[in-house]
């Protein structure tokens, strides 16, 4: 898994077009303030170790959330961090499961529409922990 976390004072998106034909049809536009945005690439090798990868993902998100005093976490499937890609259904399930774990732990967690290209607007401060990359 590749994980790029960016603390954003403002993060907004709007769906533009499907990148995955099987994605649910959506037109959506949202904005978040004081959010930890996680750009997540689920890799093919993650399918064999899904439980461990999901646990590491959630732990990293909780840690960065606290370090940045964020108010919410936004999960975004982002298949541009590695050449290795997991199957779309597996990626969707892993993100849904991580999202559910965060919500059940009391976090305000959200997901961008899976399988879509988005127009995004990011405002991120130049602080040391505002941008964190992990590979596991």
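Derivation of every value follows stated rules applied to the coordinates shown; laboratory data play no part. Here the structure is a predicted model, which is why all the values come from computation and not from measurement. Positions of Cβ are generated from backbone atoms using ideal geometry, with glycine treated the same way; all protein chains shown enter the neighbour counts.
Measuring r between the beta carbons of residue 93 and residue 29 and using R0 = 25 Å, the FRET efficiency lands at 0.45.
For the chain, the relative contact order comes to 41 percent (Cα pairs under 8 Å, sequence separation of at least 6).
FRET efficiency for the residue 85 to residue 12 pair, using the beta carbon distance and R₀ = 22 Å, is estimated at 0.25. With only Cα atoms counted, the chain has Rg and Dmax values of 13.9, 38 Å.
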